[in-house]
Structures are given as C-alpha cells and as structure tokens.
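Novice: Have a look at this one.
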C-alpha cells in the first residue's frame, strides 16, 4: 500500500513540477495517418497528456448500494523525432471501497522506428483490429479486462500486450505482422463482484490450477498477420492468427457412482487452449450509408456439453462469428446499426450454447450547442434470450478539457449475457479533466 501511494505521489509530483519540459498535445501529431507513419513532424519536447476522473455509480435496485466509486489518474508521455518515437501510458485507479484501494497499471510502453516504407513498434501496446462497435470479432489480439463487464470505455477494457509489430506499405496496400512472445490472459471479474455470477455445481468441486499457466517460451508465442487495402472506394482487411484463447476452459471431470449413477466428485482443471483464427472486415460508402462488415472463423474452441456420458464437460468445435452494419446521419442525428451472429459448426444437441446466437446493437447520437452537449443512446439486444443492455448518457463540455457525463446502464430480461445482470441496473456520473 505504501509503495503504491508513494508511486502515485511521485507521478503527480513530476507532472506538476516538470510540466515545462513538455509540449502541449496539440503541438505535434504523433499518430500515423491512414496507417502510415508521419516522420516529418518532429519535436524536441515530449508531449504530456492525460486526464483525472471521478467515476461514481449507484445501483438502482435494492438498497441503492454503490456499484463503483473510482478515482482515476491517467498520464501519457509521447515523443517523436524524424525516425523514431516512443509512448508511455500509466494509469492509477483509486477504489476506496475495495481492500486493494490503489491499483497502478502500465497500459502501454513502446518505441517506434520509422523507415521509408515500413515501421516497427516494440513494447507493450494496445492493438485494435476490425470494424465492429461494442463487440469483438477480428479484434482478437489485446485481451479484455472484464472486471466491470462491458461498461468501461473500450480503451480501458483492452489490455496491452508485449510484442513486436511491423507494418510494410506499398501504395494503397499494407501488411502488418505481429509477434507476441508471452501470453496475456483476460482478467475475469473478482470473487464477490456483482459482475461475477457464481455457477452452481451438483457437488462441491475441487480446483486444480497446475495447468492454468501458459509458460513463456518460443513455442507458446502468438503470431498474427493482417493485409489492408485502403482506397477511395473501400477499406478492406484480411487477418489471420495462431493464438491462445484469452479465457481458460474449466474442464470438469466427473466421478460417477456406478450404482446410483450420481456424481460423487467433481475435479475442475482450468486450462488455456490454442486457437487458430482467420477472417476479414470491410467498410465502403453508398451515400448516404456507410456499410461495414466483419467475419472470423475460429478453429479449436471448447464449448460446454450437457452430455452425462462425457467425463469432461467440454467438447471442441469450430465456429463462425460475423457482423453486418450500417452508419448514417439524418437531421444531424448519427445512427449506427449492427447485426451479429455466432454459428457453432457441427453443432450437437448436447451443447449448452445454441447453434445460432443472434445479437443486435443500435447507436443514436446527436450534438447540440456547438458540440458542447452530446446525447447518446446505445443498446445491445440479445435476440435469442430477449434481454438487453441499454446505455443512455449525456455529456456536457463545461469548459476546455472539463467534461461532465451522466448516464445509466439498464439490464432487461432474465437470461443470457445481459439478463443475468438484471439486478445491476445503475446510474452513474463521470467528471473528467483532460490535460
């Protein structure tokens, strides 16, 4: 605790006392344009930016307990020269209601090297693929922090991965190759969290964690590749990867009494497994519509089986996941609709998951008063289970860099991904100062 508090204090001290060494963020552009680096814009000064935020949420049901109270300090440091750049991003979470009230995370820390027709990035980085909003189809590289379900900003849900990324450019074409030497797992909700429904077992299970780790070695590394084509007509991506499933499979081995046919013991072995994935995405415009599509084929995914004859309750199957979407604007109101379907191949009736799983999303957003006020409504709708997550919010830019956000997370239904959280309706505020 003392070390974490000292570290946070040191970061704040450096920010306050050495600000004169840094340029403002809008003085230079350190991000690539159209996938290509921009080495011409250089600066002797580093760029310091970030934000301070208070996030408070209250459950709408029950005793109106706090869903979250969190203070956040995010700091980012960038510098770019003609042939190289670096970025470091650390974030400190203060959760006064948790036992571990201070959490310090290094989200990104990498260096860039720029050449005439390629660039290389080495270090911890967030890597985003695909065209879908609010769902992950070909966006398979950065694992997810699911401790607060899908409620945080996706920048905070994605976990940085350590590796090397190379981009090669030829006119409108680009090839991206990624190597991750060590595996990074998704972060599940913590024990006792309102976002962690407790499973029921016929008998008290015994957990064996000897297979839960993926050893760091060359054979356990992950590799990915993406081909991109960007023209005035279409933005196209084709991807492939030999990776690990970010979530462990809870292999459950049953001991059955031959006389009573009842389960007498249950041993659970969490284990990560390899996945092979391939797919692609596209965006093109047919005025006034922007059409988006994305699809991926996954080989080697484990699904839960209800077959009592199986000693292990999981079986391996392949599946396809795809999205079709459209964006359009009417009377300055931005609209975005998506349909997402997951199809389990060679499906059998003993599987817990249905062969076809259907999800829809809709986003509507409008700015007012010279973009100082934004109203937004986003909904996930689970078509099969008739459940949803509705997310209305209003954001007001009170002053330069100072935002006030008020919103709600409303769960409907009683089954499925969203219905299981129907007691977790909440209202919340986020007060943020960007610097």
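The values are calculated or read from the model by the stated rules, or taken from the named source; none is laboratory data. Please read these numbers as outputs of a predicted model, since none were measured by experiment. Methodologically, a virtual Cβ is constructed for each residue, glycine included, from the backbone with ideal geometry; neighbour enumeration extends over all protein chains shown.
Novice: Scan segment 77-107 for residues that are more than 23 Å from residue 428 (Cβ to Cβ), in contact with a helix residue (DSSP H, G or I) (Cβ under 8 Å, 6 or more places away or on another chain) and surrounded by fewer than 18 Cβ atoms within 10 Å (Cβ to Cβ) and jot them down.
Specialist: The one that is more than 23 Å from residue 428 (Cβ to Cβ), in contact with a helix residue (DSSP H, G or I) (Cβ under 8 Å, 6 or more places away or on another chain) and surrounded by fewer than 18 Cβ atoms within 10 Å (Cβ to Cβ): 104.
Novice: Quick one: would you say residue 70 is buried (at least 19 other Cβ atoms within 10 Å of the Cβ) and either modelled with pLDDT under 95 or closer than 14 Å to residue 45 by Cα (or both)?
Specialist: no
Novice: Where the second residue is part of a loop (DSSP other than H, G, I, E, B) and modelled with pLDDT of 90 or more and the first is over 14 Å from residue 253 (Cα atoms) and lies in segment 201-214, which pairs have Cβ atoms under 8 Å and are six or more apart or on separate chains?
Specialist: From segment 201-214, the pairs are 212/248; 212/272; 214/183; 214/185; 214/272.
Novice: Moving on to the next point. Within segment 409-420, can one find any residue that is in contact (Cβ under 8 Å) with a residue 40 or more places away in the chain, surrounded by 14 or more Cβ atoms within 10 Å (Cβ to Cβ), more than 12 Å from residue 151 (Cα to Cα) and touching a strand residue (DSSP E or B) at 6+ places or on another chain (Cβ under 9 Å)?
Specialist: Yes, that holds for at least one residue.
Novice: Which condition from (1) touching a residue at least 40 places away in the same chain (Cβ under 8 Å); (2) under 16 Å from the mean Cα position of the chain (by Cα); (3) under 29 Å from residue 87 (Cβ atoms) is the one that residue 189 breaks?
Specialist: (3)
Novice: Kindly check whether there is at least one residue in segment 295-306 that is in a loop (DSSP other than H, G, I, E, B), in contact (Cβ under 8 Å) with a residue 24 or more places away in the chain and within 30 Å of residue 262 (Cβ to Cβ).
Specialist: Yes - at least one qualifying residue is present in segment 295-306.
Novice: If the requirement is being in a strand (DSSP E or B), over 19 Å from the mean Cα position of the chain (by Cα), at pLDDT 95 or above and within 20 Å of residue 55 (Cα to Cα), which of these qualifies: 75, 120?
Specialist: Answer to the selection: 75.
Novice: Looking only at segment 251-275, filter to residues that are at pLDDT 90 or above and in a loop (DSSP other than H, G, I, E, B); which one of those is nearest to residue 240 (Cα to Cα)?
Specialist: Result: 273.
Novice: Determine whether residue 378 is more than 30 Å from residue 310 (Cα to Cα) and within 24 Å of the chain's Cα centre (by Cα).
Specialist: Spelling it out, residue 378 is indeed more than 30 Å from residue 310 (Cα to Cα) and within 24 Å of the chain's Cα centre (by Cα).
Novice: On to the next question. Go through (1) in a strand (DSSP E or B); (2) surrounded by 15 or more Cβ atoms within 10 Å (Cβ to Cβ) for residue 285 and report which single condition fails.
Specialist: The failed condition is (2).
Novice: While we're here: Can you name every residue in segment 382-408 that is under 21 Å from residue 352 (Cβ atoms) and buried (at least 18 other Cβ atoms within 10 Å of the Cβ)?
Specialist: 382, 385, 387
Novice: While we're on this one: If I ask for residues that are closer than 22 Å to residue 363 by Cα and either touching a helix residue (DSSP H, G or I) at 6+ places or on another chain (Cβ under 6 Å) or buried (at least 21 other Cβ atoms within 10 Å of the Cβ) (or both), which ones from segment 113-129 would you list?
Specialist: 129
Novice: A follow-up question, please. With 357, 376, 341 as the choices, which residue is closer than 19 Å to residue 417 by Cβ, surrounded by 14 or more Cβ atoms within 10 Å (Cβ to Cβ) and without any contact (Cβ under 8 Å) to a residue 24 or more places away in the chain?
Specialist: Within the list 357, 376, 341, the selection yields 341.
Novice: Checking the condition touching a residue at least 60 places away in the same chain (Cβ under 8 Å), closer than 29 Å to residue 63 by Cβ and not in a strand (DSSP E or B), which residue from 424, 385 passes?
Specialist: 424
Novice: Do we find that residue 136 is free of Cβ contacts under 8 Å to residues at least 60 places away in the same chain, closer than 30 Å to residue 229 by Cα and in a loop (DSSP other than H, G, I, E, B) in this structure?
Specialist: yes
Novice: Right, another one. Could you list, in sequence order, the residues of segment 210-246 that are under 23 Å from residue 187 (Cβ atoms), in contact with a strand residue (DSSP E or B) (Cβ under 9 Å, 6 or more places away or on another chain) and not in a strand (DSSP E or B)?
Specialist: The answer is 210, 211, 212, 214, 220, 221, 245, 246.
Novice: Could you please find all residues in segment 263-277 being surrounded by fewer than 16 Cβ atoms within 10 Å (Cβ to Cβ) and either free of Cβ contacts under 8 Å to residues at least 60 places away in the same chain or under 29 Å from residue 179 (Cα atoms) (or both)?
Specialist: Correct list: 274, 276.
Novice: In segment 145-182, what residues are within 30 Å of residue 234 (Cβ to Cβ), touching a residue at least 24 places away in the same chain (Cβ under 8 Å), surrounded by fewer than 20 Cβ atoms within 10 Å (Cβ to Cβ) and under 11 Å from the mean Cα position of the chain (by Cα)?
Specialist: 150, 155
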